[in-house]
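The structure appears below as structure tokens.
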Amino acid sequence: MIGIFDSGSGGLTVLRELRRRAPQADIVYFGDLKNAPYGNKSREELGVLTVLGIQKLIDEGATEIISACNSVSVSIVLPMFEILQLPYTNIIEMVGPTVSSFRGSSARVLVAATRATIESGVYQDGFRMLGIEATGVAIPELVRHIEEGAPDLALAHTVREALAPYAQERHTHVLFGCTHYPLIVPIFADVLRELEMNVALVDPAVPVTQAVLARYDTDGSGSIRLLSSQASAVFDRYAQYALEDAAMTLTSTSLTTP
Ligand code: DGL
């Protein structure tokens, strides 16, 4: 069974893409809403939450993990696999598959993500290794606004403030370096149009799902269980959007702390 981990609703964008490509996969999802947003936390805090969140999924029967939270990608270091007793082939995170999907391109990428992701430099470093130009822009309050169900105008304001300083730079792509951002694609698209930024929007759910299809067992009965560490009407709404008419069970659960 595949386990998907995120701080909240963002990983649902990966779940949605995976369901679209492999409707028969058995999936358990854990959103750690109680501790969200992750993107403003320190690397130390994120390391602890990553182990707890992934352990939760393993306890629920997951054998193959998708870490659908960019903000924790930098925490997924080799010792973690020993700690979780998880073979390192059984975890896929967001940054590696996404950066490598640009291999050979001459893109100039603007990575929009949380503060934790941008300050870690994980995307910028990855793109540099491929000789691709990349700039990071942090949008620190956006995940909180999304999880609080803020109105579209407020979301657009936050996105505009963050992207406007880059309007004159000649980027070819805006990459969603946070899985929450594709939940509001139309808002990003409107703001980019307003700022006359002629760029392609990239959702990492696509390359990550390709990696999952290549490496994981996606045969099953199509069962889906959604767990969150705190009940949230916004999460439920995004879950409906992600799963459309798929049958699912939704449970609030607590995170097991050591
Ligand atoms: N969706 C996550 C990410 O990709 C976490 C965002 C957050 O909780 O701040 O970064």
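Got a sec? What order do S223, S75, S106 fall in by accessible area at 1.4 Å, biggest, i.e. largest, first?
Largest to smallest exposure gives the sequence S106, S223, S75.
Distance between the C-alpha centers of the stretch 64-80 and the stretch 85-162? Whole Å please.
Between the Cα centre of the stretch 64-80 and that of the stretch 85-162, the gap is 14 Å.
Test of understanding: in a Gaussian network model of the chain with alpha carbons linked when under 10 Å, which of R16, R237, R108 would top the mean-square fluctuation ranking?
Maximum among the listed residues: R237.
May I ask for the percentage of alpha-carbon pairs in the stretch 133-220 that lie more than 15 Å from each other?
62
Over all pairs of distinct alpha carbons, what does the Kirkwood formula give as the hydrodynamic radius of the stretch 1-69, in Å?
12.2
Would you mind estimating how fast the stretch 38-170 diffuses translationally, via Stokes-Einstein at 20 °C and 1.002 mPa s with the Kirkwood radius over Cα pairs, in µm²/s?
Calculated translational D: 131 µm²/s.
Give the Kirkwood hydrodynamic radius (Å, one decimal) of the stretch 91-240, defined as one over the mean of 1/r across all pairs of different Cα atoms.
Kirkwood hydrodynamic radius for the stretch 91-240: 16.6 Å.
How much of D125 can a 1.4 Å solvent probe reach, expressed as accessible area in Å² and rounded to 10?
60
What is the sum of charges around E60, taking Lys and Arg as +1, Asp and Glu as -1, for the other residues whose C-beta is under 12 Å from the C-beta of E60?
0
How far is the Cα center of the stretch 185-200 from the Cα center of the stretch 31-50, in Å?
29
At 4 °C and 1.567 mPa s, grab the translational diffusion coefficient of the chain from Stokes-Einstein with a Kirkwood Rh over Cα pairs, rounded to a whole number in µm² per second.
Rounded, D is 71 µm²/s.
Given the stretch 173-244, what whole percent of its Cα pairs are spread farther than 20 Å? Working shown, then result.
Values: 1280 of 2556 pairs.
Percentage above 20 Å: 50.
To the nearest 10 square angstrom, what accessible area does K34 show with a 1.4 Å probe?
130
Using just the C-alpha positions of the stretch 59-132 as equal point scatterers, what log10 of I(q)/I(0) does the Debye formula give at each q in 0.16, 0.18, 0.24 1/Å?
-0.64, -0.78, -1.14
From the protein chains alone at 1.4 Å, what is the descending order of accessible area for E169, E17, E44, largest first?
Correct descending sequence by accessible area is E44, E169, E17.
When Lys and Arg each count +1 and Asp and Glu each count -1, what net charge do the other residues less than 14 Å away from A138, Cβ to Cβ, add up to?
0
I need the semi-axes of the equivalent ellipsoid of the stretch 164-210: take the C-alpha gyration tensor, multiply each eigenvalue by 5, square-root it, list largest first in whole angstrom.
Taking √(5λ) for each Cα gyration eigenvalue gives 20, 12, 8 Å.
Per residue of the chain, what 222 nm ellipticity follows from adding -39500 (n - 2.57) for every DSSP H run with n ≥ 4, rounded to the nearest 500?
The helix contribution divided over the chain gives -11500 deg cm²/dmol.
If Lys and Arg each add +1 and Asp and Glu each add -1, what is the summed charge of the other residues whose beta carbon sits under 13 Å from the beta carbon of G149?
-2
The values are calculated or read from the model by the stated rules, or taken from the named source; none is laboratory data. It should be emphasised that the depicted structure is a prediction, and the values quoted were computed from it without experimental measurement. Positions of Cβ are generated from backbone atoms using ideal geometry, with glycine treated the same way; all protein chains shown enter the neighbour counts. Each accessible area value is taken on the protein alone, full model and side chains, heavy atoms only, with ligands, DNA and RNA left out. Shrake-Rupley method; radii C 1.70, N 1.55, O 1.52, S 1.80 Å.
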